[in-house]
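Structure first, then comments.
The values are calculated or read from the model by the stated rules, or taken from the named source; none is laboratory data. Please read these numbers as outputs of a predicted model, since none were measured by experiment. Here the Cβ positions follow ideal geometry from the backbone for every residue, glycine too, while neighbour counts run over all protein chains shown. Surface areas here come from the heavy atoms of the whole protein model, side chains and all, with no ligands, DNA or RNA. Shrake-Rupley method; radii C 1.70, N 1.55, O 1.52, S 1.80 Å.
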Amino acid sequence: MTTGFFSSVDDVAERLATTGYLASRAVATTVFLADRLGKPLLVEGPAGVGKTELAKAVAEVTGARLVRLQCYEGVDESRALYEWNHAKQLLRITSGRGESWDETRTDIFSEEFLLARPLLTAIRSEEPTVLLIDETDKADVEVEGLLLEVLSDFQVTVPELGTIAAARRPFVVLTSNASRELSEALRRRCLFLHIGFPEEELERRIVTRKVPGLDAALATSVVRVVGALRAMDLRKVPSVSETIDWARTLLALGADRLDEGVVRDSLGVLLKHQDDIVKAAAKLDLEAV
Amino acid sequence: MTPAVPGGTSADASGPVERLTGLVGALRDHGFGIGTGETVDAGHALEAVGFTDRERVREALAATLLHGERQRPVFDRVFDLYFPLGGGGRTALDGTAADLAELRERLADALAADDGAALAVLAAEAVGGFGGYGSGPETDGWSSYQTLSRLRPETLLARVRAAERSEEPEFADRLLDDEIRRRIEAFRERVRTEARRRVAERQGRDRVARRAVAGTADGVDFLLAGRAQLDELRRTVRPLARKLATRLAARRRRAARGEIDLRRTLRRSLSTGGVPVRPVLRRRRPGRPELVLLCDVSGSVAGFAQFTMLLVQALHDQFSRVRVFAFVNRVDEVTGLIARGAADPAGLGDRILAEAELTGWHGQSDYGTALGEFADRYAEAVGPRTVLFVLGDARTNRADPNLAALKRVADRARRVHWLNPEQPSLWGTGDSEAPAYAEIVDMRPCRNSRQLGALIGRLLPV
């Protein structure tokens, strides 16, 4: 049942940290459980908190192959699971060597003409695999049905070839931005993890880690300002990725400490709506923007 | 973090399995759909992470039992009851003035250091020392209210600020006050949790878990919501609006499928010798409906109307035109106010009452006059493409309901839906004219934001 990547919660946290992914307690615990119970992991949370990064980091520390299915509106079975290589099949038929139709037919529906898409690839993979199903909420409801089948038994039926069961259970991560409610049935199959904004201390460590060369005191101020912005009622509060961008900007600007001018000039890195910027500037007592 | 062993030292010792099933039962009572499979998973998860770290136990159970982040606050409170922090207060306090001063001193230090572990211990000590009421040493109950009103952590702000302010004032220090306020609020929540836990020990966990834990924000009854809950409801509007928008878009997409465009199919069939191999489906222009809201904003239902207006405002891309009218006993258009209110939803209701002409000689809602005025003055707002939502409890304070006016409006509109925040069993009681109105237009109960989201999604035309 288990994918057998990790030996304990601490092991998860320590090894993820080696790739630069600093996991909160919730993240480490849930990743460990997904590994131990062999269940898919559904990760939700605002954009830019490291949902996709988590899957990448797990793949990296475990030396597993990362197979990614990027969902979008209109993604279907042939994009997610498999399809037949029609062009090649046609070629095979036209170059027919005079054998009977029955022989040709069995031939063109064989392994050689099968194009495996991410789900089938992950299931057939002999080596350790991390399957990332990114932005699951963007896909149509029918794809969810397909996922249900694949994720509960880890097997896929190709009518012409029969049932293909997983040689090795992949470590599955589904991410969602909650732009659509995923079905209860899918949620039931998964362990649930919500990655929110990190605590101040953790975010400070992430920033220092991602932006080496940033003064420690400045990093603390950066995180405090971002924390204050998150407490405001904005249309889009800054995420961790924006914190890092801002820290990089400040480093590039050569700012060694925060003052009104620097914050005012670089607020656009953190906030993506003009009315948010105006509001934040007013609350932070910056002069007219 | 102090390790807490479930089934450990406390008087009501019970094994982890009983605790788990108790927890699951309490969560189910709060409307969480937890299947047996998930309970079993939770058991496996507990086995895998062990019991040495309470927060790990919490995360393991959350991962296996929860299906969404909205459930988390309720889960955390129930969890704190079933897997309480071990220990409690280190020192027994007698509740004297000296103790109080000393405790406040330590609290200020802990707040300045933002030391979570110390704050947890202090919360336990505070409730133990100052939260008990009743008779004798084994007191009858524990009150967070009493604890907090004696401890008054909010008055520590200045002291904490003085302790933390660096010599050289830095830009980020202007954020300090808000940061400290947030820490204090977090401490108050810890005290509330601790008081609940102590009460639970006395009265039995199951009872407290069912009663004393507030539900999720989207289940809060509009008419009962307090100030803080309304704020929380407001925060659920934006994601709700986005969800509805994608749902409406998907529905339009689906509705657009299916009809064959004969001309283009034949045109395309030329390349296959007149055999229509690939039929072309007709593309439909998205017909965006016009939306008109008519909201009762009198005191009794203001929260509901405000919330709905915000939701509609957030959805406004979906409509070619949205107009909002508010009334108490006179009608006025508030579309402009709502558009400007985007930046400050909290004060919206007050501004509407202040700036629009909504009341005549008295402040009670009068549906008859308001409907009549709406039908006369704003007749042009309602046409064959309009979907009209009327929001209100249909309590006319014994005035004439003016059914004819509603009938006139309903005849002109494409559709009219009346959302009533009262439960159907109350319709028609007292001064409620709900049944009379319901005969003319479609009236539905709508008591919380979950229902509202589902309703609006279903009622809006494709």
Looking at segment A:146-162, which of its residues are open to solvent by 30 Å² or more (accessible area, probe 1.4 Å) and either away from chain B (no Cβ under 14 Å) or in contact with a Ser or Thr (Cβ under 9 Å, 6 or more places away or on another chain) (or both)? A:L148, A:E149, A:D153, A:Q155, A:T157, A:P159, A:E160, A:L161
For segment B:368-462, which helices (runs of 4 or more DSSP H) that fit wholly inside it have 1 or more residues that are among the aromatic types (F, W, Y)? B:434-440
Report, by residue number, each residue of segment A:97-115 that is under 16 Å from A:L161 (Cβ atoms), of a type outside the set (F, W, Y) and assigned to a helix (DSSP H, G or I). A:R105, A:T106, A:D107, A:I108, A:E111, A:E112
Do we find that B:R28 is under 23 Å from A:C190 (Cα atoms), modelled with pLDDT under 85 and open to solvent by 10 Å² or more (accessible area, probe 1.4 Å) in this structure? no
The listed residue being within 13 Å of chain B (Cβ to nearest Cβ), surrounded by fewer than 20 Cβ atoms within 10 Å (Cβ to Cβ) and of a type in the set (A, V, I, L, M, F, W, C), out of A:A185, A:A165: A:A185
Do any residues in segment A:204-215 that are under 15 Å from A:A23 (Cβ atoms) have Cβ atoms under 8 Å from those of residues that are loosely packed, with under 15 Cβ neighbours inside 10 Å, where the two are at least six apart or on different chains, and which pairs are they? A:R209/A:G20; A:K210/A:G20
Can you list the helices (runs of 4 or more DSSP H) lying wholly within segment B:13-81 that have 1 or more residues being closer than 19 Å to A:K39 by Cα and touching a Leu at 6+ places or on another chain (Cβ under 6 Å)? B:36-49, B:54-65
Return the only residue of A:L193, A:L218, A:L250 being in contact with a strand residue (DSSP E or B) (Cβ under 9 Å, 6 or more places away or on another chain), within 14 Å of another protein chain (Cβ to nearest Cβ) and buried (at least 20 other Cβ atoms within 10 Å of the Cβ). A:L193
Within segment A:1-30, count every residue that is more than 8 Å from chain B (Cβ to nearest Cβ) and closer than 21 Å to A:S241 by Cα. 12
List the number of the failed condition for A:E287; all other conditions in (1) charged (D, E, K, R); (2) modelled with pLDDT of 90 or more; (3) not in a helix (DSSP H, G or I) hold. (2)
Which residues, taken from segment B:246-272, are of a type in the set (A, V, I, L, M, F, W, C), part of a helix (DSSP H, G or I) and at pLDDT 75 or above? B:L262, B:L266, B:L270
Working only within segment B:382-408, note down all residues that are hydrophobic (A, V, I, L, M, F, W, C) and under 20 Å from B:I456 (Cα atoms). B:V382, B:V387, B:L388, B:F389, B:V390, B:L391, B:A394
Scan segment A:81-96 and tell me whether some residue there is open to solvent by 60 Å² or more (accessible area, probe 1.4 Å), of a type in the set (V, I, T), outside any loop (DSSP other than H, G, I, E, B) and farther than 30 Å from A:V226 by Cβ. yes
I need every pair where a residue in segment A:257-275 that is away from chain B (no Cβ under 13 Å) has its Cβ under 8 Å from the Cβ of a residue that is in a loop (DSSP other than H, G, I, E, B), sequence separation at least 6 or different chains. A:L270/A:P238; A:L271/A:L234; A:L271/A:K236; A:L271/A:P238; A:K272/A:K236
Condition set open to solvent by 20 Å² or more (accessible area, probe 1.4 Å) and within 12 Å of chain B (Cβ to nearest Cβ), scope segment A:35-48, selection modelled with the lowest pLDDT: answer is A:P46
With respect to the numbered conditions (1) open to solvent by 60 Å² or more (accessible area, probe 1.4 Å); (2) within 14 Å of another protein chain (Cβ to nearest Cβ); (3) in a loop (DSSP other than H, G, I, E, B), which one is the sole condition not fulfilled by A:P212? (2)
